[in-house]
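Student: Submitted below is the structure of interest, expressed as structure tokens.
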Amino acid sequence: MSLAGTPPLHRPGRPLWRDPLPWAAAALVIATLAMPAAEPLFRTLYPDLPRPIYTRTNFLTLMLSHVGLVAASSVIICLVGITVGIFVTRPAGRDFARMVDMATAVGQTFPPVAVLALAVPAVGYGPLPTLIALACYGVLPVVETTAAGLRALPPALKEAADGAGFGPTGRLLRIELPLAFPVMLAGIRTAVIINIGTATIGSTVGAVSLGSPIIEGLSGSNPAYVVQGAILVGLLAITTDLCFERLARLGSVRG
């Protein structure tokens with residue numbers, strides 16, 4: 001623990017320069033801002049391409065838009081997934097547990113492209129059908145881990161909370177959810193990382209994202225565009241995953 005009473009931001013005994021999170025974050029920022037400066041490299045790698053650098057939209061705008069899509073869909077996923085996960089572990093919702101499991105499993109197996117195709121006629125082109133597809137595709141891990149974390153709590157703990165005077169809501173908010181948080185965080189982590197990659201398909205229906213250079217590169221036979229988009233998506237996923245690892249470590253230390 002640090003002097004301020006909070007856990008250290010990196011593992012004790014390991015130099016800060018060996019922490020992968022700052023390096024991954026720095027690589028993400030540099031790649032986003034300096035990608036146009038890599039034109040000589042891509043021109044060398046792909047000499048037959050007249051335009052080896054994607055210029056339709058700057059990469060910072062693509063990154064911010066992509067992060068916005070992922071963040072918005074993740075908020076929806078957490079609100080829906082945690083609420084449903086709590087509901088199926090309460091006495092009033094236990095009879096619906098099997099039905100909820102089946103519904104979320106179907107949502108997970110239904111291809112996001114198919115969801116986009118169904119959503120576009122209803123809501124039009126742009127980011128909204130992408131948000132619908134990401135929410136449907138990512139809610140299953142959150143529902144499963146929320147329910148699993150709450151069900152794993154020993155009955156004796158719940159009885160002790162009741163004996164201490166906690167009502168159902170107080171027990172849930174002050175005892176059950178904090179103890180189940182590490183398991184729930186694993187599901188949120190999975191959903192967010194999945195959505196970082198899946199959000200690229202939103203560019204097929206007019207959403208601005210890091211999928212824009214990938215889709216244009218595939219349709220225009222420009223592999224340089226595909227590589228540029230893939231590099232940024234990969235770095236974003238790695239950095240986000242490391243942030244979740246740090247959050248899980250802080251939670252375990254506090255626990």
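The values are calculated or read from the model by the stated rules, or taken from the named source; none is laboratory data. Every value quoted in this text rests on a predicted model; they were computed, and no experiment measured them. With ideal geometry, Cβ positions are generated from the backbone for all residues, glycine too; neighbour counts draw on all protein chains shown.
Student: I'm checking my understanding of the structure. Among residues of region 70-121 that are under 22 Å from the mean Cα position of the chain (by Cα), exposed (fewer than 15 other Cβ atoms within 10 Å of the Cβ) and of a type outside the set (A, V, I, L, M, F, W, C), which one is farthest from Ile201 (Cα to Cα)?
Tutor: Selected residue: Thr83.
Student: Any residue at all in region 183-199 that is surrounded by fewer than 20 Cβ atoms within 10 Å (Cβ to Cβ), at pLDDT below 95, assigned to a helix (DSSP H, G or I) and not aliphatic (A, V, I, L, M)?
Tutor: Within region 183-199, one or more residues are surrounded by fewer than 20 Cβ atoms within 10 Å (Cβ to Cβ), at pLDDT below 95, assigned to a helix (DSSP H, G or I) and not aliphatic (A, V, I, L, M).
Student: Here's another thing I want to ask about it. Which ones in region 81-118 are among the aliphatic types (A, V, I, L, M), more than 21 Å from Arg189 (Cβ to Cβ) and free of Cβ contacts under 8 Å to residues at least 40 places away in the same chain?
Tutor: Within region 81-118, Ala92, Met99, Met102, Ala103, Val106, Ala114, Val115, Ala117, Leu118 qualify.
Student: OK, next. Ala133: part of a helix (DSSP H, G or I), modelled with pLDDT under 90 and exposed (fewer than 15 other Cβ atoms within 10 Å of the Cβ), yes or no?
Tutor: No: the conditions fail for Ala133.
Student: Being over 12 Å from Leu179 (Cβ atoms) and not in a helix (DSSP H, G or I) is the filter here; which residues of region 154-168 pass it?
Tutor: If the condition is that a residue be over 12 Å from Leu179 (Cβ atoms) and not in a helix (DSSP H, G or I), then Ala164, Gly165, Phe166, Gly167 are the ones that fit.
Student: Moving to a separate point now. Being of a type outside the set (A, V, I, L, M) and under 21 Å from Ala24 (Cβ atoms) is the filter here, so list the residues in region 214-251 that pass it.
Tutor: Listed by number, the residues that qualify are Gln228, Gly229, Gly234, Thr239, Thr240, Asp241, Cys243, Phe244, Glu245, Arg246, Arg249, Gly251.
Student: If the requirement is being of a type outside the set (Phe, Trp, Tyr) and touching an Asp or Glu at 6+ places or on another chain (Cβ under 9 Å), which of these qualifies: Ser209, Ser203?
Tutor: Unique residue meeting the criteria: Ser203.
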